[in-house]
Structures are given as C-alpha cells and as structure tokens.
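Below is one structure, written out as structure tokens; comments come after it.
The values are calculated or read from the model by the stated rules, or taken from the named source; none is laboratory data. Remember, predicted model here, so these are calculated numbers, not experimental data. Note that we place each Cβ from the backbone using ideal geometry, even for glycine, and neighbour counts take in every protein chain shown. These accessible areas exclude ligands, DNA and RNA; they are computed on the full protein's heavy atoms, side chains included. Shrake-Rupley method; radii C 1.70, N 1.55, O 1.52, S 1.80 Å.
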Amino acid sequence: MLVFAASDKGGTGRSVTSANIAFHRALAGDDVCYLDFDFGSPTAAAVFDVPSVMGGIVQGGLHSYLQGQAHEPVRLDVWARTEHPVLRHRPAGSGNLVLFPGDRSGGEFAVGNDSVIRGIDLFLRLHSEFDVVLVDLSAGRSYAVDLALEVTARPELHGVGARWLIHHRWTRQHVIAASGFAFGPRGILSGGVARGHDVEELRGSMRFVRAAVLDPETPPWSLAPPAQSAWMRTCDQGLHRLAADRGVGYSAMLGSVPLEPVLQWREQLITDEDVFSSRVAGPETLKAFQDLAGKLTDDDAWGIP
Amino acid sequence: MAGPANTGERTEQSPEPVLVFGEVHTCLLQHGQALTGRGAADLLRLRADERVRLSERPNLYVRSPDVPTGVDCHLPSASGAKVRAVGTVTARATLTEGRLLQAGAHCTVTADGPGRRRRWGHYLARPGVVEPFGTLPERDVADGCLGAGRRPGDLDLGAIADRTLTRVLRDRALDNQPPFKSQVTRLRWVALRAADGEGPSLERFTLAGDGLRMAELRLPAGIPAAAAAGLCHDLALHDWLLTTLVRMVERSRLGSTDGRDALTALRPAVDHLMHLWMPAARVDQPLRPLWEALEREPGFTRQWQILVQRIRDQLALQTAAHLQP
Ligand SMILES: Nc1ncnc2c1ncn2[C@@H]1O[C@H](COP(=O)(O)OP(=O)(O)OP(=O)(O)O)[C@@H](O)[C@H]1O
Ligand SMILES: [Mg+2]
C-alpha cells in the first residue's frame, strides 16, 4: 500500500509522525519503506538516526532518480545504519525498514512526463516489495504532491492501493488550513480530480492526523486550576466544532498524537524503551503511534465494509 | 535453450570473442494469477516483427524476442582504464510458469578491434557483439563488470535489464495484486575463456547485499553467448526462489510464534513457489556440469529441500493440531 503524508503548513509533525508509523509497522513484522520526498528540507535521516545521510545525500537520492540522473534511488537499511542505541539490535520478527533519502540540494522541480514515468516505475517496484510504502511529501501544494496525484491516477497503477494522510496541529489556524488543503479549490481533492481521480474514491482515501494535541481531559492539563481547565475545555470544544464543520472532524480523522515533550525537543522515534525503561516519553504517545500504524490498513478505519 | 543465435562464432571480419558479460533481474510477476502461455506471450511481445518463443516442457516457459540496443561507450574496468567499445547488446525477458519474470541483457566482447568506428551495418550484422577499440584487457573489464562502484557513462547492462523489466511491469494487463511481497534480485555475470583443453567451470557465485549476486564462468571456445545467458538466467531464477523462500520462513517466525500465523505466512510458498524448483531445466547440455558443481557447494537443492521440509512439517503439525478435539 502507498501512503502519502501531506500537510498544508510546515512543522505539522508530518515527518516525525510518519517515521514513527513506519517504525511501528516494521516492528510488527511488515516490510516498510520511507521515502523522503520532502524536496527542500529532508529530515527523515534525523528521525531514524542515520547521521551519515543527515539533511539528504549528496547525489543519487530520490530527486536524482526522478530527474533521470540515477537509474535507481539510493536505499538505506535503517536497522543496519541507524545509530539509535535501541534500534541497532534489530528486534526479532521485525520486517525490513528501508529509507530512501532525498538529495541534499534537491529542491523543487517541475513534473515532466519523464519524471511521471519514473514515478510509476518506482511505485510499482516498491509496491511489489514492501507492505507499506510511506511517502513524506513536502508541505503545501508542492511538485511532490502533484507528482503523487499524477502518478496514482495513471492506469499502470491500478490495483495499487493509495491512501493520503493529511497532518495538522490541533489549532484553529491549522484546522482551517488542513481543510482548505484537502477540499479547497486548489486542494488535493480538486487537484486529483483534475488528473483523473474519482472524487469519491479519492475522498475516501484521505484521512487527517492531528499532532501535538493538548487534551484538557488528561494529565497534566486535567489537573489545572478550575478556571483554566474550564477555559481549555471551552476552546477545545470550539475547535472540535470547527473541525467538524470543515470536514476535518472525528470521522475524517485517522488518529491523534498527544503533545509529547520529548518530540517538542527532539525529532525522534518513540520506542518501548523510552516509555517503559527510561520513562522519558508518555505511554499515550507510544499508543497513539501504534494505533495509527494499525489503522493504516484497518478497513474499518477507512469505511470499507 | 532452443536455437540460440550463434553470436559467439568466429567470422572472417570479426575477431575472436573472449568475454561475455551480462546482468539478469528476477522478480515475481505482479499479477494475482499465473499467466497462461497465451497471456505470457502477449506480455512478452517486445517487438512486433519477431515471434515470442513458448515451450511447455518440462515447465511453461515463454521468451521474448531478443531486443538489440546499439552502444558506443566505455566498458567498465576495475583499473579505471578507458576501453571504448561499439556494437549491440541483446536484451530479453522471460516468464517461467506464468509467475517468475526475468529480464536480462548481455553482450560478447571480441579480443580486439580497429581503433575506429566501423559502419553500423557491420555491427548490426553481429547482434549481441561489441568490439573494443584496440586490444581488450579482458580481466580488467571482467572485474569492472562485476564491481559495484562503476563510473557513470560506462556500459551499464543492469540499466538495460532494468528498463526491460519495468517496461513489462508497466503493462496494464497486470493487476498488481501479487500473492506476496518479494524483492527483485540481480545477477551480474561474466564468462571468460577457459584455458585450452579445460571444460566449462563456475569460478564463483557470491551474494552481495540488496539482492545483488555475482557469477564468474569459464567457457571453452564454441559455447554460444546465448547458452551462457541461459545458464545464468537459470541460476538467477533458482537463487531468487531460494532467497524468497528463506525470507518467507524468516518472516513467518516459524517455530517461535503461534503456528497458525506461520501457516498464513507460509501458505503462498506452498501455493505459488514450491513447484517452480527445476534446476538446469533449460540449460544446454555442455553447461550442465556447472549446475552439478553448485549442487555440491553451496548445495542449492539441498538448501531448498531443507526449507521445503520445514514448511511441510509445520503444515502437518498444524493439521494434526486442528484435528484434535
Ligand atoms: N506529538 C508531538 N508533540 C510535540 N512535538 C511534536 C510532535 N510531533 C512533532 N513534534 C515536533 O514538531 C516539530 C515539527 O515536526 P516535523 O518536522 O515532523 O513536522 P513537518 O510537518 O515534517 O515539518 P516540515 O514541513 O518542516 O518538514 C518537530 O520539532 C517535532 O519534533
Ligand atoms: Mg518534515
């Protein structure tokens, strides 16, 4: 399955959340790859702790491949290359976890027919090898998003399932932006339809993911003084109403990741170790990532009977 | 292999061939069902002007017409020496039992050639042959062909094989619903001339990372390049089967998890892979001894049988557990 991670704004938690989803799928035994299509600011290597390719690789990455300068993009085995102290010992029963880095000076580029053909070949190839192909697209209606919409509309890819995760933070501005990004006149849905996607099918393959969510009902926020607590509840309810009105409500949401202090300071994977041994990260965060990883292919979550 | 083109033979104007090299990529066809002979023939019709070859015994095997690609570039070389060569490369795709897709490219290199380019007609009359400018440093070029760090712009048979493979995989007749996930494996191979009086031999067969394998053969004069390519396709096919089955058994966590899970994970092996093992089925008689050598060390078929037996035992155990009240 192809999974495209998109967002309207930068800093929505798109990369960190996606990397954690990929990690948890691989832990559960799936073969997973993560494509850093974030043309311009590739960060996945930091999250997976592969310092050698931090900020992208010099050449031969996804940008080179799509522009015809490399006939295969570079791939890195995360279990073998990571410097993360826990991940270096590949967990028993885990699936492959492969990172396809972007090029350091990749930047944006126009989507010509050649790069569409290369995109088709790439996604077909990865679909044949991996259970989950996670593609981190750059923020906004970038060329990367256009390429993904274009390629997935092509008849060559029929039978290859694609899903869209739209990441946003849990604020008024972010909710409004995410809704416009998905359903607005220049949004993904209309862009997809213009490229030949079926409107209902595409809408059905889109879900929202909230990151850094502050829940007034759970500690420490639930322990706030009554006035503050009441105020937070009112705001949160207002936000829920806004989200529902804009098509970003509960039924369109795949999952929600709490505000996690560890992630506030550091882009990283959240492991069992972080939660149960060193106890620096919250169990809810770990559970949120595991839930998201599970729901990715859970037909119920996608309204498939 | 049926009626190989006699590209290896010496002719008046063409110097003696001393090196054959190639690359073959192997993968599972991305389709829910195994293709019938007719479906496979449609898929592999890579040229309108030539027929697809089909044979049904000992297994269903379909081969595309040979597709020539004209080349004028440097050959890979381990020392970095620039060896320019001109001629054509032969690419083909095959489908075994409607399931296993292979795409390969190979060419024969002559011992020497003129220091300039001849008319194209000369090269076109010798499909699959390339001629170097001057004398071929064959050991250096053979090592370059097997080496991983190749210079951009050098003759890249892997790229030609890959293009052939992706072209087939892009076909809209395929539903992209393969019964299981698997990797593409790539076999790079070279065949140098055997010493006078020596028979054919397999000098090495090694596994590098990421599904890359390397083989080096020695062949006596008179063995056609197509026969060497046929052997290497057969090796690549069985190596893919073994690699894929090993990976499936690993992933199923056979012996450590709930047997029922393992069963689900291994089911595709039983349904789609086990009957494909047929070493040397399409290898020309003079090259069969090379397979026999591989059977002794590392023991391809022995490894395969051990895996198959483990899976069968597991199936039997599960069935027995199921029958218990
Ligand atoms: N659940 C969370 N709680 C707290 N901080 C988070 C959470 N998720 C992500 N962050 C932090 O937010 C910042 C932005 O996250 P990330 O880089 O994943 O966003 P992005 O959408 O990929 O951004 P960009 O557009 O720059 O690529 C990072 O510092 C990250 O560690
Ligand atoms: Mg990012």
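List the residues of region B:19-62 whose accessible area drops by at least 20 Å² when all protein chains are present, compared with their chain alone, using a 1.4 Å probe and counting only protein heavy atoms.
Buried by 20 Å² or more upon assembly, which counts only protein chains, are B:30.
What figure in square angstrom, to the nearest 10, would you give for the accessible area of residue A:181 with a 1.4 Å probe?
So the heavy atoms of residue A:181 present about 10 Å² to solvent.
Toward the positive end of the charge dipole of region A:136-236, about the Cα centre and with charges on Cβ (Lys, Arg +1; Asp, Glu -1), which of A:143, A:188, A:174 goes farthest?
Result: A:174.
In whole percent, how big is the carbon plus sulfur part of the accessible area of region A:202-283, probe 1.4 Å, protein atoms only?
Solvent-exposed carbon and sulfur of region A:202-283 make up 57 percent of the total.
Sort out for me the Cα centre separation of region B:22-51 from region B:82-147, rounded to whole Å.
Centre-to-centre (Cα) distance: 23 Å.
Round to a whole number: what % of the accessible area of region A:76-163 belongs to carbon and sulfur, probe 1.4 Å?
That share works out to 48 percent.
Could you work out, residue by residue across B:176-182, how many beta carbons of other chains sit within 10 Å of that residue's beta carbon, and then give the average as an integer?
Working: counts 10, 5, 4, 0, 2, 10, 3.
Average neighbour count from other chains, rounded to a whole number: 5.
Using only atoms on other chains, find how many Cβ atoms lie within 10 Å of each Cβ of peptide A:26-36 and report the average.
1
Given Cα pairs under 8 Å that are at least 6 residues apart, what percent is the relative contact order of chain B? Can you show the working numbers first?
Details: 625 pairs, mean separation 64.3, N = 325.
That works out to 20 percent.
Averaged per residue, what accessible surface does region B:242-323 expose to a 1.4 Å probe, in Å²? Don't jump to the answer; show the numbers that get you there.
Working: 4490 Å² over 82 residues.
With the other protein chains kept in place, region B:242-323 gives 55 Å² per residue.
Once you charge only the Cβ atoms, +1 for Lys and Arg and -1 for Asp and Glu, what is the size of the charge dipole of region B:17-237 about its Cα centre, to the nearest 20 debye?
Working: 30 positive and 24 negative charges, 110 e Å.
In debye, rounded to 20, region B:17-237 gives about 520.
In region B:225-325, what percent of the accessible surface is made up of carbon and sulfur (1.4 Å probe, ligands and nucleic acids excluded)?
In region B:225-325, the share of accessible area belonging to carbon and sulfur is 55 percent.
Choose one of B:146, B:283, B:44: the residue whose Cα lies farthest towards the positive end of the charge dipole of chain B (beta-carbon charges +1 Lys, Arg; -1 Asp, Glu; about the Cα centre).
So the residue furthest toward the plus end is B:44.
Rank these residues by their accessible area, most exposed first, probe 1.4 Å: B:187, A:263.
Values: B:187 5, A:263 40 Å².
Descending accessible area places them as A:263, B:187.
Just from its helices, what would the mean residue ellipticity at 222 nm be for the protein assembly as shown, if runs of 4 or more DSSP H residues each count -39500 (n - 2.57) and the sum is divided by every residue, rounded to the nearest 500 deg cm²/dmol?
That comes out to -11000 deg cm²/dmol.
With contacts defined as alpha carbon pairs under 8 Å and 6 or more residues apart, what's the relative contact order of region B:242-323 in percent?
Numbers: 36 pairs, mean separation 31.9, N = 82.
Relative contact order for region B:242-323 comes out at 39 percent.
Could you sort B:123, A:250 by their accessible area in this structure, using a 1.4 Å probe and putting the largest first?
Result of the area sort, largest leading: A:250, B:123.
Please work out how much accessible surface residue B:277 shows to a 1.4 Å probe, ignoring ligands, DNA and RNA, in Å² rounded to 10.
Here the accessible area works out near 30 Å².
What order do you get for B:227-233, B:267-273 when each peptide is scored by the mean count of other beta carbon atoms within 10 Å, highest first?
Order by mean packing, descending: B:227-233, B:267-273.
Assuming R0 = 22 Å, can you tell me the calculated FRET efficiency for the pair residue B:306 and residue B:267, based on Cβ-Cβ distance, to the nearest 0.05?
FRET efficiency, residue B:306 to residue B:267: 0.70.
Per residue, how many Å² of accessible area does chain A show with a 1.4 Å probe?
About 41 Å² of surface per residue is accessible.
Rounded to the nearest 100 Å², what is the sum over both chains of accessible area buried where A meets B, with a probe of 1.4 Å?
Between A and B, the summed buried area is about 2100 Å².
Residue by residue through A:125-134, how many Cβ atoms from other chains fall within 10 Å of the Cβ on average?
On the way: counts 8, 1, 6, 12, 8, 2, 2, 0, 0, 0.
Across A:125-134, the average partner-chain Cβ count within 10 Å equals 4.
Among the lysines, select those whose C-alpha is under 28 Å from the C-alpha of residue A:295, and discard any that sit fewer than 8 residues away in the same chain.
Excluding near neighbours in sequence, the set is A:9, A:287, B:181.
Going by the alpha-carbon gyration tensor, a ≥ b ≥ c the square roots of its eigenvalues, is region A:77-121 rounded (a/c under 1.5) or, if a/c is not under 1.5, prolate (a/b greater than b/c) versus oblate?
Judged from the Cα gyration tensor, region A:77-121 comes out oblate (a/c at least 1.5, b/c at or above a/b).
Is the C-alpha gyration tensor of chain A telling us rounded, prolate or oblate? Criteria: a/c under 1.5 is rounded; beyond that, a/b larger than b/c is prolate, otherwise oblate. Write down the numbers at each step before the final one.
Details: a/c = 1.78, a/b = 1.22, b/c = 1.46.
Oblate, because a/c is 1.5 or more while a/b does not exceed b/c.
If B:182, A:277 are ordered by their accessible area, calculated over protein heavy atoms with a 1.4 Å probe, which sequence runs from highest to lowest?
Output order, biggest surface exposure first: A:277, B:182.
Over region B:17-237, give the accessible area per residue in Å² for a 1.4 Å probe, as an integer.
On the way: 8360 Å² over 221 residues.
With the other protein chains kept in place, region B:17-237 gives 38 Å² per residue.
Given a 1.4 Å probe and the protein chains all in place, what does the accessible area of residue B:160 round to, in Å² to the nearest 10?
The accessible area of residue B:160 comes to roughly 10 Å².
I'd like the residues of region A:55-97 whose 1.4 Å-probe accessible area shrinks by no less than 30 Å² going from the isolated chain to the full set of protein chains.
Listed by number, the residues meeting the 30 Å² cut-off are A:71, A:72, A:75, A:93.
Explain nothing, just the number: dipole magnitude of chain A about its Cα centre with +1 on each Lys and Arg Cβ and -1 on each Asp and Glu Cβ, in debye rounded to the nearest 20.
Here the size comes out at about 680 debye.
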